[in-house]
1. I'd like to check something: does segment 109-124 contain any residue that is within 13 Å of the ligand (Cβ to nearest atom), hydrophobic (A, V, I, L, M, F, W, C), under 24 Å from E225 (Cα atoms) and in the same structural domain as V208 (by TED's automatic domain parsing)?
2. Could you list, in sequence order, all residues of segment 15-47 that are loosely packed, with under 13 Cβ neighbours inside 10 Å and of a type outside the set (S, T, N, Q)?
3. Checking the condition touching a strand residue (DSSP E or B) at 6+ places or on another chain (Cβ under 6 Å) and without any contact (Cβ under 8 Å) to a residue 60 or more places away in the chain, which residue from D151, D116 passes?
4. Across segment 191-220, which residue is farthest from the ligand (Cβ to nearest atom) among those that are surrounded by 21 or more Cβ atoms within 10 Å (Cβ to Cβ) and part of a helix (DSSP H, G or I)?
5. Looking at (1) away from the ligand (no atom under 16 Å from the Cβ); (2) under 18 Å from W80 (Cα atoms); (3) β-branched (V, I, T), which is the one condition that is false for V272?
6. Could you tell me which residue of segment 306-322 is nearest to P170 (Cα to Cα), considering only residues that are away from the ligand (no atom under 16 Å from the Cβ) and touching a Ser or Thr at 6+ places or on another chain (Cβ under 8 Å)?
7. Among the residues that make up segment 132-144, is at least one of them within 16 Å of the ligand (Cβ to nearest atom), assigned to a helix (DSSP H, G or I), in contact (Cβ under 8 Å) with a residue 24 or more places away in the chain and not β-branched (V, I, T)?
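The values are calculated or read from the model by the stated rules, or taken from the named source; none is laboratory data. Predicted model only: the values in this text are computed from it and were never measured. So basically every Cβ, Gly included, is an ideal-geometry build from the backbone, and we count neighbours across all protein chains shown.
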Amino acid sequence: MAAILIESALSLPERITSVSRRPASLGQVPPGAISLAMGEPDGDTSAPVVEAAVRSLRAGRTHYAPLTGSNELREALARWVTSTSGRPTTVAEIVPTHGAAAGLASIMLGLVGPGDRVIVPEPTYSLYADHLAMAGAERIWVPNRADGCLDLDRIESLAPEARMVVLCNPSNPTGGVLSTAELTRLADIVERNPQLLLIADEAYGDIVYDGVAFESALALERIREQTVVVGTFSKSFAMTGWRLGYIVAVPELAGKISLVHRTINGSLNTFVQDAAIEALKTPPSYFEAMRERYQRRRDLVVAALDDIDRVSVKRPAGAFYAFPRVDSDLSSAELVDAFARGGVLVRAGSEFGPSGEGYVRISFATDEQSLAEGLRRFGDVVEKL
Ligand code: PLP
């Protein structure tokens with residue numbers, strides 16, 4: 001009882017700090033160091049999107065937008081989601097958000113509360129745990145199996161007592177992509193537990209390799225009422241700094257998420273939403289070129305890591321991360337320090353959940369030359385460990 005009282009007396013910052021695995025800041029890249037740490041595309045936003053924002057600003061589109069998002073953007077997103085996922089999607093199911101980050105926060109704050117149990121397969125994107133702490137929900141880590149697949153037996157056993165399961169697919173940090181079999185069994189579990197919501201963060205849904213078509217949770221029609229999908233312009237369109245994401249959910253859930261989102265954020269930037277409509281006109285060839293570019297880098301990373309003794313890595317099937325295990329006595333955080341001293345910046349695997357200990361995350365959203373040099377340094381450091 002005393003413990004509960006003390007816990008509830010924690011302020012929100014204290015609650016977040018007590019669970020957070022995220023670095024306080026990504027810090028500066030010291031002169032001469034190569035950063036393989038950042039989760040953002042190295043290229044700039046495409047010229048037509050930038051021009052659309054400039055046109056919008058010049059046209060005086062500098063006033064408040066509707067609190068639920070611009071109608072034109074929501075219509076464009078509903079068409080985009082319908083055509084890319086095959087799921088007929090209405091405007092009432094679209095919530096534009098201040099990046100996926102604010103979308104995720106609004107989901108957690110809007111759909112779970114104190115005492116609700118939330119299943120989080122890990123290693124996974126570190127922000128979910130912080131949002132769940134804000135909401136006061138109970139986060140239950142479920143480590144992935146040794147083969148990288150979801151531990152669906154464990155998820156199934158926890159499901160009857162849980163309110164939500166949060167997936168990152170494709171995965172940051174592992175680059176894993178869920179198989180049809182995993183998605184189907186997950187849908188079975190969700191369908192059998194009507195109180196359970198499935199949150200699918202598909203920030204990297206456009207970045208899947210080897211010619212494989214990405215399977216979105218939006219295709220799981222039989223659990224439509226229980227599914228919330230998170231998207232973002234950040235990765236697909238190299239628009240991290242514009243801060244624009246979106247959520248797709250049935251109107252009842254979308255309404256709750258939108259209410260929380262607008263209560264915190266107010267409306268989104270008007271000219272950013274105008275530019276996003278232009279981004280949604282991007283031809284398929286752009287995405288094909290993007291995937292080819294990242295896939296070349298993925299191959300380079302896997303080949304380089306495979307050549308280093310005491311390092312093992314699963315071939316990423318999507319996103320722009322590799323998650324190698326480094327066989328040493330050092331913790332992930334100590335490994336990160338050792339790599340930084342060797343001139344290459346990576347992220348600690350433990351940031352992404354308890355089972356990330358012993359791993360580091362390498363981002364290959366970096367030009368090939370820097371990537372090759374960064375990997376050479378990485379190998380040198382491991383050799384001297
Ligand atoms: N979801 C995942 C899996 C991410 O990796 C990131 C950013 O790194 C986000 C969400 C947040 O994206 P946004 O820039 O849209 O807030």
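1. yes
2. Answer for segment 15-47, where residues must be loosely packed, with under 13 Cβ neighbours inside 10 Å and of a type outside the set (S, T, N, Q): A24, G27, P30, P31, G32, G43, D44, A47.
3. None of the others qualify; the one that does is D151.
4. By that ranking, first place goes to L218.
5. (1)
6. Among residues in segment 306-322 that are away from the ligand (no atom under 16 Å from the Cβ) and touching a Ser or Thr at 6+ places or on another chain (Cβ under 8 Å), the one nearest to P170 (Cα to Cα) is K314.
7. Yes - at least one qualifying residue is present in segment 132-144.
Yes or no, residue by residue, for (1) surrounded by fewer than 24 Cβ atoms within 10 Å (Cβ to Cβ); (2) farther than 30 Å from A105 by Cβ; (3) without any contact (Cβ under 8 Å) to a residue 60 or more places away in the chain:
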site	(1), (2), (3)
L244	no, no, no
V260	yes, no, no
T263	yes, no, yes
F271	yes, no, no
P284	yes, yes, yes
V301	no, yes, no
V313	yes, yes, yes
A322	no, no, no
L330	yes, yes, yes
